[in-house]
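None of the figures in this text is laboratory data; all of them are computed from the coordinates on show. Quick caveat, the model's predicted, so the values are computed rather than measured. Backbone-built Cβ (ideal geometry, glycine too); neighbour counts: all protein chains shown.
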Amino acid sequence: MAMRGKTGLRGTTAVVVAGVALAAAACGGSDKSKAEGATPPASPKGQGQGGDGSQQPKAAKQPILIAFGGDTHFEGSLRGRLANPSTALGPVAKQLRAADLAMVNLETAITTGGTPAPGKQFTFRAPATAFTALKAAGVDVASMANNHGMDYMEGGLRDSLAAIKRSRFPVVGIGKNADAAYRPYRVTVKGNRIAIVGATQVLDDNLIQAWTATDAKGGLASAKDVPRMVQAVKEARQGSDVVIVHLHWGAELKGCPLPRQQELAKALVEAGADVVVGGHAHIPLGGGYMNGAYVHYGMGNFVFSSAQGQTAKSGVLFLKVVNGKVAKDKWSPALISGGIPIPMKGAAAKAEVQRWNGLRSCTGLSARPS
């Protein structure tokens, strides 16, 4: 999209700490046994798998805390922050590190070359140190299936795939062919076998053919192909306790989900998704429960240089997963300043959480799991 115009959560506000710590306490502590391996290599930290179906011996499942941040790039003033990757994401990193698994939408090509996509007003790219910055901030996996993931066309795609392989950072929704792009990232966290799929429902009309991965060429996983998405979720379901689908979807600055979002969410939940989250609108949308799964229609901006006004409203979504199902959700609000999300505190945070809960009214989702 392009803009126009665990327990022991440290270093944040009492309001945010109370909510997150409550969920994290139920998750059994802040031991962040996550995966740091890329897809397909396995991780020394969390038993990552590469979608080939192989699994480690089954361990007892513990409750886990999963965190999601929204659209992230390193354009403009943010590029300079990559000179010190360990602090590039600022104070929100403490919240991401507090989760057992954290994920964002990486809305940029990872390249310093390539050719800008024709007809695009905004094209985003970042060096491979972006992966270093995400990892340092506690992010464990990212999706590059979005309408900026191939902003520098085939050359940028080759560079992105090479950077993913070198960094061993887990990325979904992009690959050397369709099988690779739709393939889930698999990881075991505290005994929970998790599979994560990424895809985009948003692509510029003139770029759909060039950017969509096929059997014969690399590209992005397209959620426009609903049967292929359903197949991907069913394949991810096999051998998994938790299936997460990360989508790029919706309309910019529209605060309610489009019918096609609601239809796709329903189809993917029926196919076996436990969590469906995503973004594109530049503003947070509502989230809630659907037939035993959790759906969130828009995470908003996260690390985004041009965010301002309503597009600066941001936050981290925390989901507590117990026995394969989301048992509790929590929104920790933030306000983007200088491109970086700064956790909110006090009365302002309470008011923003209340506003965020109100966004559910046009989603058809339930406030609590059934």
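Counting only aspartates and glutamates at least 8 places from residue 325 when in the same chain, those with an alpha carbon closer than 13 Å to its own are 241, 274. Partners of residue 217 within straight-line reach, counting aspartates and glutamates whose Cα lies under 19 Å from its Cα and excluding those fewer than 8 residues away in the same chain: 151, 154, 159, 179, 204, 205, 225. Rounded to the nearest 20, the Cβ-based charge dipole of region 14-362 about its Cα centre (Lys and Arg +1, Asp and Glu -1) stands at 860 debye.
Each residue of region 161-175 was assigned a 3J(HN,Hα) from its phi angle through the Karplus expression (A = 6.51, B = -1.76, C = 1.60, θ = phi - 60°), giving 5, 5, 5, 4, 5, 5, 7, 6, 8, x, 9, 10, x, 8, x Hz with x at Gly and Pro. Relative intensity of region 219-261 on a log10 scale, I(q)/I(0) at q = 0.17, 0.20, 0.27, 0.30 Å⁻¹, equals -0.60, -0.76, -1.03, -1.11, per a Debye sum over C-alpha point scatterers of equal strength in the absence of solvent. Residues whose amide H lies under 5 Å from that of residue 301, counting only those 5 or more places away or on a different chain, are 71, 282, 283; hydrogens are built 1.01 Å from N in the peptide plane.
Remark on residue 327: its backbone amide H falls under 5 Å from those of 320, 321, 322, a criterion applied only to residues 5 or more positions apart or on other chains, H modelled at 1.01 Å from N.
Highest-first packing order for the peptide set 146-155, 259-268 is 146-155, 259-268, based on the mean count of other beta carbon atoms within 10 Å. Percent of C-alpha pairs per 5 Å bin in region 79-191, short distances first: 2, 12, 21, 24, 19, 13, 7, 2, 0, 0. Seen from a random direction on average, the alpha-carbon convex hull of region 14-362 projects onto 15.1 square nanometres. With θ taken as phi - 60° and the Karplus curve 6.51 cos²θ - 1.76 cosθ + 1.60 applied, the whole-hertz 3J(HN,Hα) list for region 228-235 is 5, 5, 4, 4, 4, 5, 5, 5 Hz, x standing for glycine and proline. Amide H to amide H, with H built 1.01 Å from N, residue 174 comes under 5 Å of 144, 221, counting only residues 5 or more places away or on other chains.
So the label point goes 7 Å from the Cα of residue 366 along Cα→C-beta, right? Which residues of region 267-291 then have their backbone N under 19 Å from it? Of the residues in region 267-291, 267-277, 286-291 have backbone N under 19 Å from the label point off residue 366.
Working out 0.36 nm times the residue gap between residue 154 and residue 86, then minus their Cα-Cα distance, what length gain in nm do you get to one decimal?
21.5 nm
Across region 269-278, computed HN-Hα scalar couplings (Karplus, 6.51 cos²θ - 1.76 cosθ + 1.60, θ = phi - 60°) run 5, 5, 7, x, 6, 9, 9, 10, 9, x Hz from first to last residue, x flagging Gly and Pro. In this label model, residue 234 and residue 327 are separated by 3.2 nm, measuring between points 7 Å along each Cα→Cβ vector.
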